[in-house]
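Presented below is the structure to which this report refers.
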Amino acid sequence: MLEPILLTDEQIREFIVNGYLVFEPTVPEGTHEACYGRLNEIIDAEANPGNNILPRVPEMRHVLNSPEVRGALLSVLGPGYLEHPHRYCHPLGPVRDIPSDDEIEHRLRNNCHQDGYTPMGHPRQHYMRYARIMYYPQDSPVELGPTHVIPGTQYNRGLSDEDRAYTLPVAGRAGTVSLTHFDVGHAAGVSLLPRHRHMIKFIYMRATEPTEPTWNCQSTGWERPAEITAPHDLELTWSHQWDWLCGRRDRYASWANIEGDSSSLTQCLADLHGDQPLSRRLDAVRSLASLGAAAAEAVPALIDLLGTDHQALRVEATYALGRIGDPALSLLVSALEAAGEQADGHDAPPAWNEGATNMEDAAQALAAVGKSAVESLVQLLCAPSEWTRVNAAFALGEMDSHAGAAVPALVEALGDASHRVVRTAIDALGNIAASDSQADWIDALGRMLEADHPSWHEEASREWVPRDQVRINAATVCARLGPAAHSLEAGLFKALDDPCGHVGSFALNALQRLETPTATQAAMDYLWSQRWDASIDGGRQF
């Protein structure tokens, strides 16, 4: 296997800003033609094979194992990244009746969306924890309806009509691959041609907290990329993401070099008003961030922007509050408590969607504040409101190892009757403590592989029940742990037979990563029994 081709500094900066990259993989001759022909046969003759698309078209492994794809994933997700069991072929059939220009525009805008997580909901995250590969086995000119991307929307809590106007087609030759932030907005194009169009997506997940750049890094200094297709300037957010990916303990290291003028505070507050142009309001937010704690007076005004204002302004305000730090703590905590009280008026939190969950901007801001917010968030894990507890667990998880002091409280949260709290706490523990192999929390994690509760059996989404997702999250964290999960080997072996296939898939991955002879043998035995012979079809049975 060829060495992975890592991304450059410029490509990483483009990815942070725009949310996508496009490239062509190096594969054996004839790979794309073979994939395209086989996909045509499958889509014409049978139901979409869903997660089984890869064993049905095994030639696609050459694409996924190419030095370009592996290098790109290693660059943005770090070493030991996980492949999610969800894969899907998105086909467009041959077109007979050509739609009008107005119909094309209408369909394209209606197709715009941010993907949901599978099988059930998961919080959207600004940090690069999930990535998606989209593969096009055929020549994909705009007329064939390739996926369109909406640059910069990976930090959005939804898509607006304004966002839908910025779609760009990912057109290219057969074999074109796009790497996207999982939450970036996109849309299926509209085909005008009488032939098949296929796009196959694969999902990957980060296993470890960034501790250093994992791309071909020549400089850790933040710079704006030359190619910016995102419509709004979010440089505070972009530099924060860069510092996180670089593994810096101070996620505002790049912004610390920008000195603010305290005499401009009054003018900045005036410029925040909604009657000012968006660009001016964004400039004011960044100026306040450059003041750090000296901008404490601006905290109420910045919090007023959260949750309701323009998407770009909200995300920049989120990270400005994180930069201001401790002076913002009490009001951000109050905002989370208020959001919880409002959610308590419903059977389930309105913001919790079993596709993808948009967490409170205040939770994102508390995560950006960092270590000094841990104690307050730990207290919120005991809040009477389920939604507040969920957001507190999420914010702690976004801090990674900075929130190490919260591990005991998060372990206790695994006993919460709310599956939403439990699922979020498991994820948070995986982010915070994945490098701590001696902690008692691993035993608690092992118990979650078989966790159950009377209220976790009601169907929540797509024939899945909450119990399934709790166990999936636990198995996923076990896979992230690698050899540190050695004490859970027996539980992982048992989890292979869980009635939920995703649990078994992540348990299998965890067993592979234990690197013990018994775990490796168990994994190989399981894989052998599950092997799919892609050469068998309706005419050939053996």
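Miscellaneous remarks
- Summing Cβ point charges (Lys, Arg +1; Asp, Glu -1) relative to the Cα centre of the stretch 245-352 gives a dipole of roughly 500 debye.
- Overall form of the stretch 329-384 per C-alpha gyration tensor (a/c, 1.5; a/b vs b/c): prolate
- Net lengthening on full extension, Glu227/Glu24 (0.36 nm per residue, minus Cα-Cα): 71.2 nm
- Modelled spin-label separation between Asp347 and Glu103, with each label point placed 7 Å from Cα along the Cα-to-Cβ direction: 4.0 nm.
- Over the chain: helical MRE at 222 nm, DSSP H runs n ≥ 4 each giving -39500 (n - 2.57), nearest 500: -13000 deg cm²/dmol
- Highest mean packing first, where packing is the average number of other Cβ atoms within 10 Å per residue, the peptides 389-402, 487-500 line up as 389-402, 487-500.
- Dipole-positive endmost among Trp255, Ala373, Gly145 within the chain (Cβ charges, Cα centre): Gly145
- Once the C-beta distance of Glu458 and Ser372 is scaled by a Förster radius of 41 Å, the resulting FRET efficiency is 0.55 to the nearest 0.05.
- Added length on full extension, which subtracts the Cα-Cα distance from 0.36 nm per residue, Thr308 to Asn48: 89.7 nm
Any read-out appearing in this document is the output of simple, stated calculations on the displayed coordinates, not a laboratory observation. Treat the numbers as computed from the prediction; the structure is a model and nothing was measured. Using ideal geometry, Cβ is built from the backbone for each residue, glycine included, and neighbour counts are taken over all protein chains shown.
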